[in-house]
Amino acid sequence: MSVQSAAADVDVDLRQLFASLARNWLRILVVALVVTGLAFALTWLATPHYRAETRLLIETRESVYTRPDGTNDNDKPILDEEGVTSQVEVISSTDILKQVAQKLDLSRLPEFDETADMPALSRLLVVAGLKSDPNEIPPEERVLTKMREKLNVYRVEKSRVIVIEFSSEDHRLAAAIPNAIADAYISVQGNANIESNSAATDWLAPEIADLSKRVKDAEAKVASYRAQSDLLMGGNNSVLATQQLSELSSELSRVRANRASAAATADSVRRALQNGGSLDAVPEVLSSGLIQRLRERQVELKTNIADLSTSLLDNHPRIRALRSQLADLDRQIRNEAEKIMTGLMTQAQTAQARENQLVADVNTLKAASARAGDQQVELDALQREATAQRQLLESYLTRYREASSRKDSNYPPVDARVFSRAVAPSQPYYPKILPIIGAAFVGSLLVMAIVTLLQELFSGRAMRPAAGARFERIEQVAMPVAHEPPNHEPSDHEPPDHEPPNQEPADIEDLGDRTAEVQAEPQAAAAAPATGPATGDDVGPARRSLGEVEIDKAVEKLITSGAARAIFVSPEGDEAAASAVLVAREVSDTGLRVLLLDLTASGAASRPTLDSRLFPGITDLLASEAQFSDVIHADLYSDCHVIPVGNADPVRAMRAADRLPIIMQSLTTAYDLVVVECGPTDAQGISRLVGEGTEVFLSLLEPNDEVAQAAVELIESGYPDLTLVTPVGHQTPGTPLPGRRSAA
């Protein structure tokens with residue numbers, strides 16, 4: 001069978017768990033009604049608070065009729081997210097709140113100044129020094145502190161809308177204050193703009209006067225320099241020398257073209273005359289009127305010769321006369337061509353002379369233009385300076401006129417407007433009686449239900465064995481059978497509710513006397529048989545001599561005394577450890593939360609309660625190899641919880657033995673009773689386990705010297721209230737629960 005936690009062998013009985021709600025319904029309902037009543041009383045007596053809000057829109061308020069010339073809406077930047085957030089801080093600033101407080105006279109209201117009507121209790125607390133005196137704080141600061149507590153200014157996300165929210169005990173005041181804050185903000189912004197305009201006019205006036213003087217000086221410098229440098233301006237806003245140079249250059253180009261054309265024509269006429277070529281190809285010759293008339297006469301003579309040649313011979317005088325006239329015409333044409341050539345040559349020479357003159361004039365003007373260019377550079381610099389000063393002066397004049405006009409007309413354009421003013425609320429926002437009462441009732445029901453379920457769960461009553469869980473046969477603790485003394489009447493069966501029997505053992509209420517008897521007569525106690533089961537005649541006297549009690553009486557003592565710890569010492573070894581097991585089971589059956597801690601070397605106390613020896617236990621906890629939830633297991637035969645010895649190295653665990661007091665304190669806090677089986681140890685061994693509300697028991701099977709010596713040592717070591725308990729003869733009353741077996 002695999003090793004697993006005992007928690008895996010039990011299940012939560014949901015029916016039993018939720019049945020606890022039905023069993024405790026009255027307690028749950030009463031607590032819920034009490035809480036609901038308290039909530040109703042508190043809400044009914046609470047002072048109602050009203051809340052109102054005013055909304056501002058940040059936008060450009062400049063009109064098209066008041067906007068300066070040359071500007072438009074796009075020229076003015078719109079506030080971004082950071083700008084709107086800055087306006088939120090301006091609205092909640094101290095100056096604006098002071099204005100509103102003074103305007104509405106808030107210092108006279110107890111809501112804003114507790115010194116106006118301080119209750120008697122507050123005065124007593126101030127006198128006793130349990131509360132600071134509000135009179136030590138200036139009145140304005142007290143009012144501003146209260147206003148900031150009730151004021152909430154925020155920006156609506158992804159918009160330029162600012163919300164001014166205020167809460168007050170007076171519904172009219174809740175609306176008046178945010179409206180007054182908004183009006184004060186608009187007024188402050190307007191005053192800021194007026195101050196800006198005033199500052200602008202105050203600064204621009206002297207600047208304009210200074211600029212006017214500088215512009216006048218700059219323009220005077222320009223005129224003086226132009227007169228000194230003789231830079232006369234011609235057409236096209238250029239210097240006269242430069243303009244003349246341009247005109248002479250154009251004239252020179254024209255003269256050069258005419259000269260070249262005349263020389264070329266004369267040369268062509270000369271070549272035609274020298275080569276005897278035709279002069280008709282020269283345009284200038286053909287354009288001559290005389291040559292044209294001579295050509296017409298020549299054509300006429302050639303026509304007559306042709307006509308006469310049909311009837312006369314070549315030597316005829318008339319033909320010869322005509323031919324003589326034709327030759328004379330040729331000479332005249334050539335003479336006229338020579339005259340034209342001479343005229344062209346003369347024209348070319350004249351053009352050459354004109355060209356030379358123009359070249360000389362151009363050179364002169366070039367030098368003058370170069371000087372004028374250098375002077376023009378300086379003149380341009382002076383003109384630029386004068387122009388810049390003039391433009392700046394005109395700009396300042398425009399701004400001065402705009403600022404002055406707004407100052408005189410008292411027009412401050414504020415980039416904000418109130419588009420939703422606060423109105424007096426008719427219903428308070430606090431307290432909401434029905435929601436608070438409903439929430440209190442439902443919440444208290446849930447809390448009480450959870451508390452009831454947790455109590456049922458941690459008590460173990462809601463646990464049941466897991467379905468299909470199988471348990472191996474466990475090692476039984478052998479219990480010696482008690483022999484009844486002679487003439488002992490058999491007792492009736494105990495009732496199933498585990499009540500103790502009517503008869504009480506001797507000396508149960510006088511443990512001090514029994515302890516003294518043990519100290520005085522240790523030899524008598526040691527004379528009892530130490531081995532083997534004793535007979536009825538022998539056991540009775542021995543048990544009475546040591547003053548031991550039975551399991552039921554030990555349980556009764558633990559319950560009646562309200563003990564938190566029960567320390568069991570078993571000098572006789574593992575068999576005597578059954579006392580701790582039986583006591584833990586009997587106490588847990590009464591409904592108390594009980595834990596059995598096994599500190600024996602062999603695990604004698606935990607073996608009868610668990611189905612395996614391999615569960616983690618106290619040694620694992622001391623060695624820091626497990627947590628509390630891992631080492632606590634459920635007893636298979638009762639509602640008791642068990643911490644076994646564990647599987648860690650005992651040497652390593654004992655190094656952390658100093659942690660035992662802390663562990664015991666934690667277990668005592670979680671359980672009603674912690675039963676510790678220590679085995680055959682001494683007083684020093686149990687010193688770390690003893691604490692407030694501790695009962696020490698010594699478990700014995702047969703009285704002998706070893707038991708007596710252990711009892712004496714414990715009593716002498718500081719445990720005079722030692723109780724001796726024996727499991728001999730104990731019978732578990734009632735029928736075991738289903739799925740459980742008796743360990744006795």
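The values are calculated or read from the model by the stated rules, or taken from the named source; none is laboratory data. Treat the numbers as computed from the prediction; the structure is a model and nothing was measured. Cβ sites come from the backbone with ideal geometry, for glycine too, and all protein chains shown count toward neighbours. Heads up: the accessible areas ignore ligands, DNA and RNA and are worked out on the full protein's heavy atoms, side chains in. Shrake-Rupley method; radii C 1.70, N 1.55, O 1.52, S 1.80 Å.
All conditions in (1) surrounded by 14 or more Cβ atoms within 10 Å (Cβ to Cβ); (2) touching a residue at least 24 places away in the same chain (Cβ under 8 Å) hold for Ala19, with the sole exception of (2).
Need pairs with beta-carbon distance below 8 Å; first residue more than 17 Å from Ala263 (Cβ to Cβ) and within region 348-369, second buried (at least 18 other Cβ atoms within 10 Å of the Cβ) and of a type in the set (Gly, Ala, Ser); sequence gap 6+ or separate chains. If the second residue must be buried (at least 18 other Cβ atoms within 10 Å of the Cβ) and of a type in the set (Gly, Ala, Ser), the pairs left are Leu365/Ala241; Ala368/Ala241; Ser369/Ala241. Cβ separations smaller than 8 Å between residues 6+ apart or across chains give the following pairs from region 208-223 residues that are over 18 Å from Leu379 (Cβ atoms) to residues that are hydrophobic (A, V, I, L, M, F, W, C) and open to solvent by 50 Å² or more (accessible area, probe 1.4 Å): Ile208/Leu397; Leu211/Leu392.
Please count how many residues of region 158-181 are assigned to a strand (DSSP E or B) and either open to solvent by less than 10 Å² (accessible area, probe 1.4 Å) or hydrophobic (A, V, I, L, M, F, W, C) (or both).
6
Tell me, please, whether a residue that is out of contact with any strand residue (DSSP E or B) (no Cβ under 8 Å at 6 or more places or on another chain) and surrounded by fewer than 15 Cβ atoms within 10 Å (Cβ to Cβ) can be found in region 636-647. Within region 636-647, not a single residue is out of contact with any strand residue (DSSP E or B) (no Cβ under 8 Å at 6 or more places or on another chain) and surrounded by fewer than 15 Cβ atoms within 10 Å (Cβ to Cβ).
Summed over region 69-90, the residues that are surrounded by 10 or more Cβ atoms within 10 Å (Cβ to Cβ) and modelled with pLDDT of 60 or more give a count of 11. Check whether at least one residue in region 407-416 is of a type in the set (Ser, Thr, Tyr), modelled with pLDDT under 85 and in a helix (DSSP H, G or I), and report yes or no. Yes, that holds for at least one residue.
Counting only helices (runs of 4 or more DSSP H) that sit wholly inside region 616-725, those with at least 2 residues that are small (Gly, Ala, Ser) and under 58 Å from the mean Cα position of the chain (by Cα) are 660-670.
Of the residues making up region 182-195, at least one is of a type in the set (Val, Ile, Thr), surrounded by fewer than 18 Cβ atoms within 10 Å (Cβ to Cβ), over 15 Å from Gln99 (Cβ atoms) and touching a residue at least 12 places away in the same chain (Cβ under 8 Å). Take Ile559 and decide whether it is open to solvent by 10 Å² or more (accessible area, probe 1.4 Å), within 58 Å of the chain's Cα centre (by Cα) and of a type in the set (Val, Ile, Thr). Considered against the rule, which asks whether it is open to solvent by 10 Å² or more (accessible area, probe 1.4 Å), within 58 Å of the chain's Cα centre (by Cα) and of a type in the set (Val, Ile, Thr), Ile559 comes out as yes. Figure legend. Inter-residue proximity from region 583-604: first residues open to solvent by 10 Å² or more (accessible area, probe 1.4 Å), second residues of a type in the set (Phe, Trp, Tyr), beta-carbon distance below 8 Å, spacing 6+ or different chains. Indicated pairs: Arg585/Tyr637; Arg593/Phe458; Arg593/Tyr671.
Only one of Leu582, Leu614, Leu621, Leu596 is modelled with pLDDT under 85 and either out of contact with any Lys or Arg (no Cβ under 9 Å at 6 or more places or on another chain) or not polar (S, T, N, Q) (or both). Can you tell me which?
Leu614
Any chance region 311-330 includes a residue that's closer than 20 Å to Ile340 by Cα, part of a helix (DSSP H, G or I), in contact (Cβ under 8 Å) with a residue 40 or more places away in the chain and over 60 Å from the mean Cα position of the chain (by Cα)? Scanning region 311-330 turns up no residue that is closer than 20 Å to Ile340 by Cα, part of a helix (DSSP H, G or I), in contact (Cβ under 8 Å) with a residue 40 or more places away in the chain and over 60 Å from the mean Cα position of the chain (by Cα). Please go through region 355-389 and pick out each residue that is within 56 Å of the chain's Cα centre (by Cα) and of a type outside the set (Gly, Ala, Ser). Gln389 - this is the single residue of region 355-389 that is within 56 Å of the chain's Cα centre (by Cα) and of a type outside the set (Gly, Ala, Ser).
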